[in-house]
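For reference, the structure is listed below as structure tokens.
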Amino acid sequence: MKAVKKNSLLRQWNGPLTNDLVLHPGDFGLGQVPARLKPDATTTVVCGYCSTGCGLTVHLKNGEAINLSADANYPVNLGMACPKGWEALTPLGAPDRGTTPLLRDAKGDLKPVDWPAAMTEFCARMKAVQAKHGAHSIAFLGTGQICTEEMALLGCLFKFGMDAVHCDSNTRQCMATSHVAYKQSFGFDAPPFTCADFEESDVLVFIGANPCIAHPIMWQRVLRNKKSPEIIVVDPRKTETAMAATQHVALNPKSDLTLLYGIANLLVQSGWVDAKFIERSTTGYAEFAEFIRQFTPDKVAAETGLSVGQLYRFAETIHKGKAVSFWWTMGVNQSHESTRTAQAIINLALMTGNIGRPGTGANSITGQCNAMGSRLYANITSLIGGHDFKNPEHRAKVSATLGVSEDKIQTEPNLAYDQIIDGIRDGKIKGLWVIATNSSHSWIHQDSFNDILSKLEFLVVQDMYPTTETAKHAHLFLPAAGWGEKDGTFINSERRFGLVKKIRRAPGQALSDFNIFKLIAQYWGCGEMFAKWSSPEAAFQLMKELSRDQPCDITGVRDYAMLDASGGIQWPLAEADGARLWSQTQPQHAGLAGRGGGSEPAAAGHRDTAALRERRLFADGKFYHPDGRAKFFFDLPRPMLEMPDKDFPFVMLTGRGTSAQWHTGSRTEKSDVLRQLRPEKIYVEINPRDAQQLGIAPNSSVRVASRRGELIATAHVTPTVSPGQIFIPMHYAETNRLTFASFDPHSRQPSYKACAVKVEAV
Ligand SMILES: Nc1nc2c(c(=O)[nH]1)N[C@H]1C(S)=C(S)[C@@H](COP(=O)(O)OP(=O)(O)OC[C@H]3O[C@@H](n4cnc5c(=O)[nH]c(N)nc54)[C@H](O)[C@@H]3O)O[C@H]1N2
Ligand SMILES: Nc1nc2c(c(=O)[nH]1)N[C@H]1C(S)=C(S)[C@@H](COP(=O)(O)OP(=O)(O)OC[C@H]3O[C@@H](n4cnc5c(=O)[nH]c(N)nc54)[C@H](O)[C@@H]3O)O[C@H]1N2
Ligand code: SF4
Ligand SMILES: [Mo]
């Protein structure tokens, strides 16, 4: 350890700050933000909450951010932002920020320690677990909310440096379904759209998505649509989005697969399919068309609770649309048969040829700011860069690019999130490292999860706050810098790499996740392996090289400066295309003075400039399977795994409550403004008919119980939920005490959105 202690990384806490190794001055709150930011100017960063990835203009004074506004020139949000974006700086200054590592002492209290002690403890105890229980007895749970460069470094450090294999992230809770569905259907995990498609459709179909609340700026893009589009919302609840729709398809919970097959059958029977596209660009259509014949309108109406007339209107609206786009989010992804449901949506787009043209697409909207980065670069479900662990060429390429010996690269898949939890329960996983996720609040059937945590020999939590539900269980807490306190990239929902910048000093000794991983590598004894990863931008250059000749090729993105000047760049951008487009856009962008300077967007005038700002996939009808075609996937629907019954007669739906609340609230609850915009206490939405039958008055307290636990909530009596259903937002820690742990077999994504409960007045 001696050599490490002398390291300049560690000297910097007390001594003068230098810019060597991986640290920027100011990483410990002592120095300044990077010199490349002019002291009193503005700069653009992408927002660190949702996957819309809005551009925010940061107002600097003496080189530090003092305020934010929405960037009018950024191609995604066009000058708009939601309350979370406007308030993004506030959580950074919260009084409960972690400022030093904390180690649990013999009495069981978390006590401050310095980084050398924390790193020594981390390595010694993780290695001890491995020595006692085997190399694969340690695991990590990561996130879709740190920079891509950080995810990449973490995934490589853990698998190549620490010789471990089992890891997953909160993207399993969220995007695993879309990942698997796209991979199987298209041959690569590739959401095809660009945000302009919201404005270019004449029919938009939202399935299990509530963008008014969850993606407010995407919804603003829909409102800018000048074609008076038909908007179909498929959701059991009359959500804010459903209220704005032209057709609300209020189906029975978890009957989506039946509905979508029924619509497909109507399209086939009516001859409303695009035979040319099917012939040229797909395989498996004939079998699919035969399979869905059984989904007759009467049968589908009975199972979905809809009328036959609604089914015909839905199908006819798709047929009449010239540019039909399909959008889905968690109402689809979080179900027991989510992958086939997502693919049933993809099938509708394929069979009607609604893909590859403006305003079309089978489009999964992602959740977290960097869920897409996690899908491509976290080295968890795919070999880093969207590669295949089993493919010998891919292994050789990753090995050569990163300088990692090929025998370090696993060939077998690692355990998924739920399997890691089961592994802890069964005594196979003994060390757990949780990074930028709050599992003790957000994981399904939370009480059992929290009991299981106590079986660990070593739990490390790396977060901005030591006050999260999960950090409270930690043996070791590592204080992380947050969004705005570090450099890197996020990839938004439409595949756009956007830039995150260090515009604030992290408090105390908090370090960026990137630097924490570098430090761990050094203490672990594998620092040499990551010598090339000298800074986030150096890591970006490695990621670029890994992307070469992949569908997600970004070799045409020269560097961070190019991302900055372009308003982000969507993948793919191959080297030759990047050079050509960049040379044509440069003169116009130069006039933007580093963006946010108030000039007109560069889109005007030059076709190629527009091509750099907005790009969609599959315009040539070619997909990523070796035969260039997309595939139809389908399976028989299965019943929900926990159906309502005599004892637990209600279906409990969960989801986002307000645009001011972000997940478990560890960031948004720190803002006075955002707190004013949300109900303080947990509430349950219940239909007036049910409330009356149960003697529940508006705003009274009710007890909601499942077979796993119970909670007390305030009754919001409202017809927006149907009789027999209730809705509870996910933002309150109690919600996941009730949820039922079931999973889609293909994606292993949890089915958060339906379980059986009973409700009673208290
Ligand atoms: N304000 C805010 N915005 C966020 C987030 C946040 O926490 N707060 N989180 C971000 C993240 S990570 C994500 S993943 C997205 C989630 O974004 P969304 O998926 O849009 O949000 P949810 O409310 O979770 O779920 C959407 C809808 O699914 C419906 N639903 C439930 N069961 C079914 C069903 O069986 N069928 C159908 N068709 N619909 C069903 C619910 O009623 C709900 O209205 O939001 C992102 N944006
Ligand atoms: N019942 C129910 N449960 C759900 C859902 C649902 O719809 N219903 N939705 C699921 C979905 S889609 C999701 S995505 C999950 C989200 O669940 P979580 O990921 O558990 O929720 P967050 O509150 O976003 O937790 C992120 C944590 O990372 C920390 N953090 C933020 N930035 C940084 C950083 O830069 N570095 C580090 N080290 N830490 C940082 C924050 O302080 C916070 O504690 O919840 C899931 N749970
Ligand atoms: S819509 Fe999403 S990305 Fe845009 S400001 Fe709000 S939270 Fe940030
Ligand atoms: Mo999510």
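The values are calculated or read from the model by the stated rules, or taken from the named source; none is laboratory data. As the structure is a prediction and not an experimental result, all values here were calculated from the model. As a convention, Cβ positions derive from the backbone with ideal geometry for all residues, glycine included, and neighbour counts pool all protein chains shown. Areas reflect the complete protein model, heavy atoms only, side chains present, ligands, DNA and RNA absent. Shrake-Rupley method; radii C 1.70, N 1.55, O 1.52, S 1.80 Å.
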Matching residues in the range 528-567 - criterion: being outside any loop (DSSP other than H, G, I, E, B), in contact with a His (Cβ under 9 Å, 6 or more places away or on another chain) and either open to solvent by 10 Å² or more (accessible area, probe 1.4 Å) or on the phi > 0 side of the Ramachandran plot (or both): ALA565
Run down ALA190, ALA124, ALA176, ALA131 and say which single residue is farther than 25 Å from THR664 by Cβ and either within 16 Å of ligand 2 (Cβ to nearest atom) or not assigned by TED's automatic domain parsing to the domain that holds GLY386 (or both). ALA190
Exception for ILE146 within (1) within 16 Å of ligand 1 (Cβ to nearest atom); (2) assigned to a helix (DSSP H, G or I); (3) not basic (Lys, Arg) falls at (2)
Is one or more of the residues making up the range 206-228 more than 16 Å from ligand 2 (Cβ to nearest atom), within 26 Å of the chain's Cα centre (by Cα) and basic (Lys, Arg)? yes
Among the residues of the range 163-190, count how many are touching an Asp or Glu at 6+ places or on another chain (Cβ under 6 Å), basic (Lys, Arg) and within 16 Å of ligand 1 (Cβ to nearest atom). 0
Can you pull out the residues in the range 290-309 that are assigned to a helix (DSSP H, G or I) and surrounded by 19 or more Cβ atoms within 10 Å (Cβ to Cβ)? ILE292, PRO297, VAL300, THR304
If I filter the range 335-362 down to residues being within 16 Å of ligand 2 (Cβ to nearest atom) and surrounded by 24 or more Cβ atoms within 10 Å (Cβ to Cβ), which single residue comes out as farthest from PHE193 (Cα to Cα)? SER335
Close pairs from the range 370-390: first free of Cβ contacts under 8 Å to residues at least 40 places away in the same chain and aliphatic (A, V, I, L, M), partner part of a helix (DSSP H, G or I) and away from ligand 3 (no atom under 16 Å from the Cβ), Cβ under 9 Å, at least 6 apart: LEU383/HIS394; LEU383/ARG395; LEU383/VAL398
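Matching residues to (1) away from ligand 4 (no atom under 16 Å from the Cβ); (2) modelled with pLDDT of 95 or more; (3) not in a loop (DSSP other than H, G, I, E, B):
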{"site": "GLY373", "(1), (2), (3)": "no, yes, yes"}
{"site": "GLU393", "(1), (2), (3)": "yes, yes, yes"}
{"site": "GLU412", "(1), (2), (3)": "yes, no, no"}
{"site": "GLN419", "(1), (2), (3)": "yes, yes, yes"}
{"site": "LEU432", "(1), (2), (3)": "yes, yes, yes"}
{"site": "THR437", "(1), (2), (3)": "no, yes, no"}
{"site": "HIS441", "(1), (2), (3)": "no, yes, yes"}
Within the range 335-359, can you find the residues that are part of a loop (DSSP other than H, G, I, E, B) and in contact with a helix residue (DSSP H, G or I) (Cβ under 8 Å, 6 or more places away or on another chain)? SER335, GLU337, THR352, GLY353, ASN354, ILE355, PRO358, GLY359
Per the list (1) out of contact with any Leu (no Cβ under 7 Å at 6 or more places or on another chain); (2) within 27 Å of MET640 (Cβ to Cβ); (3) surrounded by 21 or more Cβ atoms within 10 Å (Cβ to Cβ), residue check on PHE727 breaks on (1)
Over the range 187-237, the set of residues over 22 Å from SER335 (Cα atoms) and either in a strand (DSSP E or B) or hydroxyl-bearing (Ser, Thr, Tyr) (or both) is THR194, SER201, VAL203, LEU204, SER228, GLU230, ILE231
Taking only pairs six or more apart or across chains, which ones have beta-carbon atoms under 8 Å, a first residue in the range 39-64 that is free of Cβ contacts under 8 Å to residues at least 40 places away in the same chain, and a second residue that is within 16 Å of ligand 2 (Cβ to nearest atom)? LEU56/VAL45; LEU56/VAL46; LEU56/CYS47; LEU56/GLY85; LEU56/ALA88; HIS59/ALA65
Just checking, does the range 199-211 include any residue being within 16 Å of ligand 3 (Cβ to nearest atom), within 21 Å of LEU653 (Cβ to Cβ), hydrophobic (A, V, I, L, M, F, W, C) and open to solvent by 10 Å² or more (accessible area, probe 1.4 Å)? no
Hey, TRP483 of a type in the set (Phe, Trp, Tyr) and closer than 29 Å to TRP571 by Cβ or not: yes
Evaluate the following for ARG675: is it among the charged types (D, E, K, R) and either away from ligand 2 (no atom under 16 Å from the Cβ) or open to solvent by less than 50 Å² (accessible area, probe 1.4 Å) (or both)? no
Return only the number of the condition from (1) under 15 Å from the mean Cα position of the chain (by Cα); (2) open to solvent by 10 Å² or more (accessible area, probe 1.4 Å) that ASP163 does not satisfy. (1)
What tally of residues in the range 733-762 results from selecting those that are of a type in the set (Val, Ile, Thr), part of a loop (DSSP other than H, G, I, E, B) and surrounded by 21 or more Cβ atoms within 10 Å (Cβ to Cβ)? 1
Go through the range 471-482 and give me each residue that's assigned to a loop (DSSP other than H, G, I, E, B), away from ligand 3 (no atom under 16 Å from the Cβ) and buried (at least 24 other Cβ atoms within 10 Å of the Cβ). ALA474, ALA481
Considering the range 633-659, residues that are farther than 21 Å from ASN699 by Cα and within 10 Å of ligand 1 (Cβ to nearest atom), and then whichever is surrounded by the most Cβ atoms within 10 Å (Cβ to Cβ), we arrive at SER659
Looking at (1) touching a strand residue (DSSP E or B) at 6+ places or on another chain (Cβ under 7 Å); (2) open to solvent by 10 Å² or more (accessible area, probe 1.4 Å), which is the only condition THR194 fails? (2)
Looking only at strands (runs of 3 or more DSSP E) that fall completely inside the range 1-120, which ones have 1 or more residues that are under 30 Å from GLU614 (Cα atoms) and at pLDDT below 95? 42-46, 55-61, 64-70
I'm trying to understand the selection: among the residues of the range 443-470, which are touching a Lys or Arg at 6+ places or on another chain (Cβ under 8 Å), under 18 Å from GLY665 (Cα atoms) and not in a loop (DSSP other than H, G, I, E, B)? GLN446
